[in-house]
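Trainee: First the structure, which I've put down as C-alpha coordinates, then a few questions once you've had a look.
The values are calculated or read from the model by the stated rules, or taken from the named source; none is laboratory data. Nothing here was measured: the structure is a model prediction, and the numbers come from that model. So basically every Cβ, Gly included, is an ideal-geometry build from the backbone, and we count neighbours across all protein chains shown. Protein only, heavy atoms only, side chains kept; ligands, DNA and RNA dropped before computing areas. Shrake-Rupley method; radii C 1.70, N 1.55, O 1.52, S 1.80 Å.
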Amino acid sequence: MNPAPPNFTRKNSELVLRIALSRLKGMTIGFAGMIESRFASLSEFFESDTRTIAAILGSQSLKMFDRDVRDEALRTARAEEEWITVNKVRPLYFTDAAYPQRLLDCPDAPVILYTIGNTDFNTRHVIGIVGTRHATVYGLSFISRFLKELSASIPDLITVSGLAYGIDIAAHRDSLTNNIPTVGVVAHGLSTIYPASHRKDAANMVRNNGAIITEYIHDAPVHRGNFLTRNRIIAGMCDAIIVVESATKGGALLTARIAGDYNRDVFAVPGRINDIYSAGCNELIIKNRAAMLMSASGLCDAMGWTPVKNEGIQHEIVIELSDEEQKIADYLTRHGESFLNKMSVDLNIVTHRLIQTLGEMEFNGVVISHPGGKYSLA
(Lines give C-alpha, C1' and ligand atoms only; values in the text may rest on other atoms or scores of the structure.)
Protein backbone atom coordinates (compact mmCIF):
# COMPACT_ATOMS: atom_id res chain seq x y z
CA MET A 1 0.00 0.00 0.00
CA ASN A 2 1.34 3.42 -0.92
CA PRO A 3 2.21 5.70 2.01
CA ALA A 4 -0.14 8.60 2.60
CA PRO A 5 0.95 11.78 0.80
CA PRO A 6 2.50 14.66 2.79
CA ASN A 7 -0.81 16.50 3.03
CA PHE A 8 -2.23 13.68 5.16
CA THR A 9 0.46 13.66 7.85
CA ARG A 10 -2.23 15.59 9.78
CA LYS A 11 -5.93 14.98 9.36
CA ASN A 12 -7.78 17.35 7.07
CA SER A 13 -11.23 18.45 8.17
CA GLU A 14 -14.26 17.61 6.06
CA LEU A 15 -14.54 21.31 5.16
CA VAL A 16 -10.96 21.39 3.88
CA LEU A 17 -11.64 18.31 1.75
CA ARG A 18 -14.81 19.83 0.34
CA ILE A 19 -13.10 23.11 -0.51
CA ALA A 20 -10.22 21.25 -2.09
CA LEU A 21 -12.60 19.16 -4.19
CA SER A 22 -14.29 22.31 -5.48
CA ARG A 23 -10.87 23.69 -6.47
CA LEU A 24 -10.15 20.91 -8.96
CA LYS A 25 -10.50 22.30 -12.47
CA GLY A 26 -13.61 21.06 -14.24
CA MET A 27 -15.31 19.86 -11.05
CA THR A 28 -19.11 19.93 -11.24
CA ILE A 29 -21.81 18.91 -8.78
CA GLY A 30 -22.45 15.85 -10.94
CA PHE A 31 -18.80 14.81 -10.85
CA ALA A 32 -18.53 15.62 -7.15
CA GLY A 33 -21.60 13.50 -6.48
CA MET A 34 -20.00 10.59 -8.31
CA ILE A 35 -16.84 10.91 -6.20
CA GLU A 36 -18.92 11.04 -3.01
CA SER A 37 -20.76 7.85 -4.00
CA ARG A 38 -17.80 5.80 -5.24
CA PHE A 39 -15.30 6.52 -2.48
CA ALA A 40 -15.81 5.71 1.19
CA SER A 41 -14.86 9.28 2.03
CA LEU A 42 -13.26 12.36 0.52
CA SER A 43 -10.16 11.47 2.52
CA GLU A 44 -9.91 8.23 0.56
CA PHE A 45 -10.27 10.15 -2.69
CA PHE A 46 -7.44 12.53 -1.84
CA GLU A 47 -5.21 9.74 -0.47
CA SER A 48 -5.61 7.47 -3.50
CA ASP A 49 -3.08 7.47 -6.33
CA THR A 50 -4.03 8.98 -9.67
CA ARG A 51 -4.50 5.75 -11.59
CA THR A 52 -6.72 4.26 -8.89
CA ILE A 53 -8.98 7.32 -9.00
CA ALA A 54 -9.20 7.21 -12.79
CA ALA A 55 -10.05 3.49 -12.70
CA ILE A 56 -12.78 3.92 -10.07
CA LEU A 57 -14.35 6.84 -11.89
CA GLY A 58 -13.84 5.37 -15.35
CA SER A 59 -12.08 8.55 -16.47
CA GLN A 60 -9.09 8.96 -18.75
CA SER A 61 -8.56 12.57 -17.62
CA LEU A 62 -5.60 11.87 -15.34
CA LYS A 63 -4.39 15.47 -15.25
CA MET A 64 -7.42 16.53 -13.21
CA PHE A 65 -6.45 14.04 -10.46
CA ASP A 66 -2.69 14.54 -10.58
CA ARG A 67 -1.12 14.32 -7.12
CA ASP A 68 0.43 17.79 -7.39
CA VAL A 69 -2.92 19.28 -8.42
CA ARG A 70 -4.73 17.72 -5.46
CA ASP A 71 -1.96 18.70 -3.03
CA GLU A 72 -2.16 22.32 -4.17
CA ALA A 73 -5.93 22.26 -3.77
CA LEU A 74 -5.53 21.00 -0.20
CA ARG A 75 -3.02 23.71 0.66
CA THR A 76 -5.37 26.39 -0.64
CA ALA A 77 -8.31 24.79 1.18
CA ARG A 78 -6.56 24.79 4.56
CA ALA A 79 -5.78 28.49 4.24
CA GLU A 80 -9.37 29.17 3.20
CA GLU A 81 -10.75 27.25 6.17
CA GLU A 82 -8.75 29.42 8.55
CA TRP A 83 -9.96 32.62 6.89
CA ILE A 84 -13.64 31.73 6.83
CA THR A 85 -13.53 30.56 10.44
CA VAL A 86 -12.05 33.85 11.62
CA ASN A 87 -14.44 35.91 9.50
CA LYS A 88 -17.60 33.91 10.32
CA VAL A 89 -18.29 32.96 6.72
CA ARG A 90 -20.88 30.22 6.18
CA PRO A 91 -19.75 27.64 3.58
CA LEU A 92 -22.51 25.74 1.79
CA TYR A 93 -21.55 22.43 0.14
CA PHE A 94 -23.91 21.14 -2.56
CA THR A 95 -25.14 18.30 -0.30
CA ASP A 96 -26.01 20.66 2.59
CA ALA A 97 -29.70 21.26 3.23
CA ALA A 98 -29.05 25.01 3.40
CA TYR A 99 -27.47 25.07 -0.07
CA PRO A 100 -29.81 26.83 -2.54
CA GLN A 101 -31.79 23.80 -3.69
CA ARG A 102 -32.98 25.46 -6.90
CA LEU A 103 -29.34 25.56 -8.03
CA LEU A 104 -29.17 21.76 -7.94
CA ASP A 105 -31.30 21.76 -11.11
CA CYS A 106 -28.41 23.48 -12.89
CA PRO A 107 -25.58 21.21 -14.12
CA ASP A 108 -22.97 23.95 -13.81
CA ALA A 109 -23.89 24.97 -10.25
CA PRO A 110 -20.95 25.61 -7.87
CA VAL A 111 -19.82 22.70 -5.71
CA ILE A 112 -19.47 25.06 -2.76
CA LEU A 113 -20.67 28.57 -1.99
CA TYR A 114 -19.37 31.05 0.58
CA THR A 115 -21.94 33.25 2.30
CA ILE A 116 -22.16 36.01 4.88
CA GLY A 117 -25.60 36.23 6.44
CA ASN A 118 -28.26 33.77 7.54
CA THR A 119 -30.77 34.01 4.72
CA ASP A 120 -32.94 30.99 3.97
CA PHE A 121 -32.11 30.57 0.28
CA ASN A 122 -34.86 27.95 0.04
CA THR A 123 -37.76 30.14 1.03
CA ARG A 124 -40.99 29.78 -0.96
CA HIS A 125 -40.59 32.73 -3.33
CA VAL A 126 -37.29 33.89 -4.83
CA ILE A 127 -37.00 36.47 -7.62
CA GLY A 128 -33.98 37.93 -9.35
CA ILE A 129 -34.02 41.55 -10.47
CA VAL A 130 -31.35 42.60 -12.97
CA GLY A 131 -30.73 45.36 -15.44
CA THR A 132 -28.47 48.08 -16.73
CA ARG A 133 -25.94 49.95 -14.65
CA HIS A 134 -27.32 53.12 -16.24
CA ALA A 135 -30.75 53.01 -14.65
CA THR A 136 -33.24 55.73 -15.54
CA VAL A 137 -36.01 57.32 -13.50
CA TYR A 138 -38.44 55.02 -15.30
CA GLY A 139 -36.66 51.84 -14.17
CA LEU A 140 -36.05 53.07 -10.65
CA SER A 141 -39.69 54.11 -10.26
CA PHE A 142 -40.84 50.69 -11.44
CA ILE A 143 -38.66 48.86 -8.91
CA SER A 144 -39.83 51.07 -6.06
CA ARG A 145 -43.51 50.59 -6.87
CA PHE A 146 -43.17 46.91 -7.75
CA LEU A 147 -41.40 45.86 -4.55
CA LYS A 148 -43.72 47.91 -2.38
CA GLU A 149 -46.72 46.13 -3.89
CA LEU A 150 -45.08 42.70 -3.81
CA SER A 151 -43.96 42.98 -0.18
CA ALA A 152 -47.53 43.73 0.89
CA SER A 153 -48.95 40.57 -0.66
CA ILE A 154 -46.30 37.84 -0.94
CA PRO A 155 -44.75 36.38 2.23
CA ASP A 156 -41.57 34.27 2.37
CA LEU A 157 -39.97 36.35 -0.37
CA ILE A 158 -36.32 37.15 -1.06
CA THR A 159 -34.79 39.11 -3.92
CA VAL A 160 -31.49 38.36 -5.63
CA SER A 161 -29.26 40.64 -7.66
CA GLY A 162 -25.60 41.41 -8.33
CA LEU A 163 -24.83 44.40 -6.05
CA ALA A 164 -23.75 46.37 -9.14
CA TYR A 165 -24.54 49.97 -10.00
CA GLY A 166 -27.94 50.92 -11.38
CA ILE A 167 -30.82 48.46 -11.35
CA ASP A 168 -29.02 45.93 -9.10
CA ILE A 169 -28.37 48.25 -6.17
CA ALA A 170 -31.82 49.83 -6.54
CA ALA A 171 -33.37 46.37 -6.20
CA HIS A 172 -31.34 45.72 -3.03
CA ARG A 173 -32.12 49.11 -1.49
CA ASP A 174 -35.85 49.01 -2.24
CA SER A 175 -35.98 45.47 -0.88
CA LEU A 176 -34.51 46.75 2.38
CA THR A 177 -37.00 49.63 2.41
CA ASN A 178 -39.83 47.10 2.17
CA ASN A 179 -38.37 44.60 4.67
CA ILE A 180 -37.62 41.99 2.01
CA PRO A 181 -34.42 39.98 2.65
CA THR A 182 -32.12 40.54 -0.32
CA VAL A 183 -29.10 38.58 -1.57
CA GLY A 184 -26.12 40.01 -3.44
CA VAL A 185 -24.23 37.53 -5.63
CA VAL A 186 -20.70 38.87 -6.10
CA ALA A 187 -18.03 37.99 -8.64
CA HIS A 188 -15.07 37.96 -6.27
CA GLY A 189 -13.92 36.76 -2.86
CA LEU A 190 -15.48 37.99 0.38
CA SER A 191 -12.40 39.83 1.60
CA THR A 192 -13.67 42.82 -0.36
CA ILE A 193 -16.86 44.30 -1.77
CA TYR A 194 -17.07 45.67 -5.28
CA PRO A 195 -17.93 48.38 -5.94
CA ALA A 196 -16.54 49.83 -2.72
CA SER A 197 -19.33 52.42 -2.61
CA HIS A 198 -21.79 49.60 -1.93
CA ARG A 199 -20.07 48.27 1.19
CA LYS A 200 -22.56 50.00 3.47
CA ASP A 201 -25.43 48.53 1.46
CA ALA A 202 -23.89 45.05 1.74
CA ALA A 203 -23.63 45.42 5.51
CA ASN A 204 -27.25 46.57 5.74
CA MET A 205 -28.33 43.59 3.65
CA VAL A 206 -26.61 41.14 6.00
CA ARG A 207 -27.97 42.87 9.11
CA ASN A 208 -31.51 42.67 7.74
CA ASN A 209 -31.69 38.93 7.09
CA GLY A 210 -30.08 39.15 3.66
CA ALA A 211 -26.74 37.80 2.49
CA ILE A 212 -23.70 38.22 0.30
CA ILE A 213 -22.80 35.06 -1.60
CA THR A 214 -20.02 33.93 -3.94
CA GLU A 215 -18.38 30.81 -5.34
CA TYR A 216 -14.88 32.33 -5.07
CA ILE A 217 -12.36 31.92 -2.25
CA HIS A 218 -11.81 34.97 -0.08
CA ASP A 219 -8.86 36.56 -1.92
CA ALA A 220 -10.13 36.01 -5.47
CA PRO A 221 -9.82 39.42 -7.19
CA VAL A 222 -12.39 41.29 -9.22
CA HIS A 223 -12.11 39.95 -12.77
CA ARG A 224 -14.26 40.83 -15.75
CA GLY A 225 -14.90 37.21 -16.67
CA ASN A 226 -16.21 36.43 -13.20
CA PHE A 227 -19.19 38.72 -13.70
CA LEU A 228 -20.41 36.57 -16.58
CA THR A 229 -20.12 33.31 -14.66
CA ARG A 230 -21.76 34.69 -11.51
CA ASN A 231 -24.87 35.51 -13.55
CA ARG A 232 -25.67 31.80 -13.73
CA ILE A 233 -25.95 31.74 -9.92
CA ILE A 234 -28.42 34.63 -9.95
CA ALA A 235 -30.46 32.85 -12.62
CA GLY A 236 -30.30 29.43 -10.97
CA MET A 237 -31.21 30.58 -7.44
CA CYS A 238 -34.52 32.09 -8.49
CA ASP A 239 -38.02 31.08 -9.49
CA ALA A 240 -38.14 34.01 -11.89
CA ILE A 241 -35.78 36.60 -13.37
CA ILE A 242 -37.01 40.13 -14.03
CA VAL A 243 -35.12 42.39 -16.44
CA VAL A 244 -36.11 45.95 -15.61
CA GLU A 245 -33.97 47.94 -18.05
CA SER A 246 -31.31 46.88 -20.54
CA ALA A 247 -29.76 47.96 -23.79
CA THR A 248 -29.56 45.40 -26.58
CA LYS A 249 -26.32 44.07 -25.12
CA GLY A 250 -25.40 43.53 -21.47
CA GLY A 251 -25.10 41.17 -18.55
CA ALA A 252 -28.82 41.34 -17.77
CA LEU A 253 -29.68 39.81 -21.15
CA LEU A 254 -27.13 37.07 -20.55
CA THR A 255 -28.76 36.35 -17.19
CA ALA A 256 -32.15 36.19 -18.89
CA ARG A 257 -30.82 33.74 -21.50
CA ILE A 258 -29.30 31.50 -18.82
CA ALA A 259 -32.53 31.62 -16.82
CA GLY A 260 -34.41 30.50 -19.91
CA ASP A 261 -31.97 27.62 -20.38
CA TYR A 262 -32.62 26.64 -16.76
CA ASN A 263 -36.39 26.65 -17.41
CA ARG A 264 -36.90 29.62 -15.12
CA ASP A 265 -39.65 32.15 -15.81
CA VAL A 266 -38.27 35.30 -17.41
CA PHE A 267 -40.01 38.68 -17.36
CA ALA A 268 -39.12 42.03 -18.87
CA VAL A 269 -40.45 45.51 -18.20
CA PRO A 270 -41.49 47.17 -21.47
CA GLY A 271 -40.49 50.72 -22.36
CA ARG A 272 -40.70 53.27 -25.16
CA ILE A 273 -39.30 52.07 -28.47
CA ASN A 274 -36.81 54.94 -28.67
CA ASP A 275 -35.39 54.50 -25.14
CA ILE A 276 -31.95 52.87 -25.36
CA TYR A 277 -32.26 51.16 -21.97
CA SER A 278 -35.66 49.68 -22.81
CA ALA A 279 -34.51 48.29 -26.16
CA GLY A 280 -33.19 45.04 -24.66
CA CYS A 281 -36.37 44.44 -22.67
CA ASN A 282 -38.60 45.16 -25.65
CA GLU A 283 -36.54 42.75 -27.75
CA LEU A 284 -36.91 39.99 -25.15
CA ILE A 285 -40.67 40.45 -25.22
CA ILE A 286 -40.94 40.64 -29.03
CA LYS A 287 -38.88 37.47 -29.46
CA ASN A 288 -40.92 35.65 -26.80
CA ARG A 289 -37.86 35.20 -24.59
CA ALA A 290 -39.60 37.02 -21.74
CA ALA A 291 -43.15 37.77 -20.66
CA MET A 292 -44.14 41.41 -20.37
CA LEU A 293 -44.31 42.58 -16.75
CA MET A 294 -46.09 45.71 -15.63
CA SER A 295 -46.99 45.12 -11.98
CA ALA A 296 -46.60 42.93 -8.91
CA SER A 297 -50.07 41.50 -9.46
CA GLY A 298 -49.02 40.56 -12.99
CA LEU A 299 -46.08 38.59 -11.61
CA CYS A 300 -48.30 36.81 -9.09
CA ASP A 301 -50.80 35.86 -11.79
CA ALA A 302 -48.09 34.53 -14.09
CA MET A 303 -46.34 32.57 -11.33
CA GLY A 304 -49.54 31.26 -9.75
CA TRP A 305 -48.69 32.92 -6.44
CA THR A 306 -51.65 33.69 -4.19
CA PRO A 307 -51.42 37.16 -2.64
CA VAL A 308 -52.00 37.37 1.10
CA LYS A 309 -53.94 40.28 2.57
CA ASN A 310 -52.44 41.81 5.70
CA GLU A 311 -55.75 42.35 7.44
CA GLY A 312 -55.53 44.41 10.57
CA ILE A 313 -52.15 45.78 9.59
CA GLN A 314 -52.78 47.71 6.42
CA HIS A 315 -56.07 49.41 5.66
CA GLU A 316 -57.08 50.35 2.17
CA ILE A 317 -57.88 54.02 1.78
CA VAL A 318 -60.85 54.46 -0.52
CA ILE A 319 -60.65 57.63 -2.57
CA GLU A 320 -63.84 58.86 -4.21
CA LEU A 321 -63.16 60.06 -7.74
CA SER A 322 -65.16 62.64 -9.63
CA ASP A 323 -66.64 61.64 -12.98
CA GLU A 324 -63.75 63.31 -14.78
CA GLU A 325 -61.14 61.71 -12.54
CA GLN A 326 -62.75 58.31 -13.05
CA LYS A 327 -62.66 58.92 -16.80
CA ILE A 328 -58.91 59.59 -16.59
CA ALA A 329 -58.32 56.57 -14.35
CA ASP A 330 -60.22 54.30 -16.75
CA TYR A 331 -58.18 55.65 -19.65
CA LEU A 332 -54.85 54.97 -17.88
CA THR A 333 -56.07 51.51 -16.90
CA ARG A 334 -56.56 50.71 -20.59
CA HIS A 335 -53.37 52.35 -21.87
CA GLY A 336 -50.98 51.78 -18.94
CA GLU A 337 -49.44 55.22 -19.34
CA SER A 338 -49.86 58.20 -21.64
CA PHE A 339 -48.52 61.64 -22.48
CA LEU A 340 -50.45 64.68 -21.33
CA ASN A 341 -51.14 66.01 -24.84
CA LYS A 342 -52.44 62.68 -26.11
CA MET A 343 -54.71 62.29 -23.09
CA SER A 344 -56.07 65.77 -23.66
CA VAL A 345 -57.02 64.91 -27.26
CA ASP A 346 -58.34 61.41 -26.55
CA LEU A 347 -60.39 62.46 -23.54
CA ASN A 348 -61.48 65.81 -24.98
CA ILE A 349 -60.31 67.68 -21.89
CA VAL A 350 -58.54 71.03 -22.37
CA THR A 351 -54.89 70.89 -21.36
CA HIS A 352 -54.96 73.37 -18.48
CA ARG A 353 -57.93 71.62 -16.88
CA LEU A 354 -56.34 68.19 -17.37
CA ILE A 355 -53.13 69.40 -15.69
CA GLN A 356 -55.12 70.64 -12.70
CA THR A 357 -57.08 67.38 -12.41
CA LEU A 358 -53.97 65.21 -12.76
CA GLY A 359 -52.26 67.31 -10.09
CA GLU A 360 -55.08 66.60 -7.65
CA MET A 361 -55.03 62.90 -8.53
CA GLU A 362 -51.26 62.76 -8.00
CA PHE A 363 -51.62 64.48 -4.62
CA ASN A 364 -54.15 61.78 -3.62
CA GLY A 365 -51.83 59.02 -4.77
CA VAL A 366 -53.96 57.94 -7.71
CA VAL A 367 -51.53 58.74 -10.53
CA ILE A 368 -47.78 59.15 -10.92
CA SER A 369 -46.14 61.76 -13.13
CA HIS A 370 -43.03 60.90 -15.12
CA PRO A 371 -40.47 63.08 -16.89
CA GLY A 372 -41.61 64.36 -20.29
CA GLY A 373 -45.25 64.89 -19.35
CA LYS A 374 -46.18 61.22 -19.06
CA TYR A 375 -48.63 59.83 -16.48
CA SER A 376 -49.57 56.38 -15.19
CA LEU A 377 -51.74 54.98 -12.42
CA ALA A 378 -50.04 54.69 -9.04
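Trainee: Could you state the angle between the C-alpha long axis of helix 224-237 and the longest principal axis of the C-alpha atoms of the chain, as a value from 0 to 90 degrees rounded to the nearest 10?
Mentor: That helix lies at roughly 80 degrees to the long axis.
Trainee: Still on this structure: Round to the nearest 10 and give me the degree value, 0 to 90, for the angle of helix 351-363's Cα axis relative to the longest principal axis of the chain.
Mentor: Long axis of 351-363 versus the principal axis of the chain: about 50 degrees.
Trainee: Applying 1/(1 + (r/R0)^6) with R0 = 22 Å to the Cβ-Cβ distance of GLU320 and GLN356, what FRET efficiency is obtained, to the nearest 0.05?
Mentor: Given R0 = 22 Å and the Cβ-Cβ separation, E is 0.80.
Trainee: Determine, for each peptide in 152-165, 295-308, the mean count of other beta carbons within 10 angstrom over its residues, then list the peptides with the highest first.
Mentor: Most protected by this proxy first, the peptides run 152-165, 295-308.
Trainee: Could I have the simple spin-label model distance between ASN204 and ASP156, label points 7 Å from Cα toward Cβ, reported in nm to one decimal?
Mentor: For ASN204 paired with ASP156, the spin-label model returns 2.8 nm.
Trainee: Here's another thing I want to ask about it. Work through the residues other than ILE285 whose Cβ is under 15 Å from its Cβ and net out their charges, Lys, Arg +1 and Asp, Glu -1.
Mentor: Combined, the nearby Lys, Arg, Asp and Glu give 0.
Trainee: Place +1 on the Cβ of every Lys and Arg and -1 on the Cβ of every Asp and Glu in the range 147-213, take the dipole about the Cα centre, and give the residue among SER197, ALA152, VAL183 whose Cα lies farthest towards its positive end.
Mentor: SER197
Trainee: Which percent of the accessible heavy-atom area of the range 56-105 goes to carbon and sulfur, probe 1.4 angstrom?
Mentor: Reported share for carbon and sulfur atoms: 52 percent.
Trainee: So, in nm, how far is label GLU14 from label ASP239 when the simple model puts each one 7 Å beyond its Cα toward the Cβ?
Mentor: Taking the two extended label points, one gets 3.1 nm.
Trainee: Quick one: 3J(HN,Hα) in Hz for the range 41-46, Karplus 6.51/-1.76/1.60 with θ = phi - 60°, rounded, Gly and Pro as x.
Mentor: 7, 5, 4, 4, 4, 6
Trainee: Ok, one more. Using the structure shown, list the pairs from LYS148/LYS200; LYS25/LYS200; LYS148/LYS287; LYS11/LYS200 with a Cα-Cα distance above 32 Å, or answer none. Write out the running numbers ahead of the final one.
Mentor: Working: LYS148/LYS200 22 Å; LYS25/LYS200 34 Å; LYS148/LYS287 29 Å; LYS11/LYS200 39 Å.
Too far apart for the 32 Å limit: LYS25/LYS200; LYS11/LYS200.
Trainee: Under a 5 Å amide H to amide H cut-off, with H placed in plane at 1.01 Å, what residues pair with ILE241 once short-range neighbours are removed?
Mentor: Amide H neighbours of ILE241: GLY128, ASP265, VAL266, PHE267.
Trainee: Roll a 1.4 Å probe over the protein chains and send me the accessible area per residue for the range 237-378 in Å².
Mentor: Details: 8210 Å² over 142 residues.
I get 58 Å² per residue for this part.
Trainee: Hey, got the dipole for the range 178-333? About the Cα centre, +1 on K and R Cβ, -1 on D and E Cβ, debye to the nearest 20?
Mentor: With Lys and Arg at +1 and Asp and Glu at -1, about 1000 debye.
Trainee: Once the Cα atoms of helix 251-261 and of the chain are each reduced to a long axis, what angle between those two axes, in degrees from 0 to 90 to the nearest 10, is obtained?
Mentor: The answer is roughly 70 degrees.
Trainee: Can you give the FRET efficiency for ILE56 and THR76, using 1/(1 + (r/R0)^6), R0 = 35 Å, r = Cβ-Cβ distance, to the nearest 0.05?
Mentor: E(calc), rounded to 0.05, equals 0.90.
Trainee: If I stretch the segment between GLU36 and HIS134 completely, what's the gain in nm (0.36 nm per residue apart, minus their alpha carbon distance), one decimal? Walk me through the numbers before you get to the answer.
Mentor: Numbers: separation 98, 0.36 × 98 = 35.28 nm, distance 4.49 nm.
Contour length minus Cα-Cα distance gives 30.8 nm.
Trainee: Continuing with the same structure: I'd like to know which of VAL350, PHE45, SER295 lies farthest towards the positive end of the charge dipole of the chain, counting +1 on Cβ of Lys and Arg and -1 on Cβ of Asp and Glu.
Mentor: It is PHE45.
Trainee: Here's another thing I want to ask about it. Run the numbers for GLU337 and VAL86: contour at 0.36 nm per residue of separation, minus the present Cα-Cα distance, in nm.
Mentor: Extra length available between GLU337 and VAL86 comes to 85.1 nm.
Trainee: Something else now. Can you list the residues, at least 5 places off or on another chain, whose amide H is less than 5 Å from the amide H of ALA211, using H built in the peptide plane?
Mentor: Those qualifying (amide H under 5 Å, at least 5 residues apart or on another chain) are THR182, VAL183, GLY184.
Trainee: Given the peptides 185-196, 248-259, arrange them by the average over their residues of other C-beta atoms within 10 Å, most packed first.
Mentor: Numbers: 185-196: 18.5, 248-259: 21.5.
In descending order of packing, they fall as 248-259, 185-196.
Trainee: Run the accessible area of the range 170-230 with a 1.4 Å probe and give the carbon-and-sulfur part as a rounded percent.
Mentor: Result for the range 170-230: 50 percent of the exposed heavy-atom area is carbon or sulfur.
Trainee: Only Lys, Arg, Asp and Glu count, each charged at its Cβ (+1, +1, -1, -1), so figure out the dipole size of the chain about its Cα centre, rounded to 20 debye.
Mentor: With only Lys, Arg, Asp and Glu charged at Cβ, the dipole is about 1100 debye.
Trainee: Given Cβ point charges of +1 (Lys, Arg) and -1 (Asp, Glu) and nothing else, what value in debye, to the nearest 20, does the dipole of the range 71-181 about its Cα centre take?
Mentor: On the way: 10 positive and 13 negative charges, 99 e Å.
Around 480 debye, computed over the range 71-181.
Trainee: Which distance in nm do the two modelled labels at LYS249 and SER297 give, with both placed 7 Å along the Cα-to-Cβ direction?
Mentor: Here the answer is 4.0 nm between the modelled labels.
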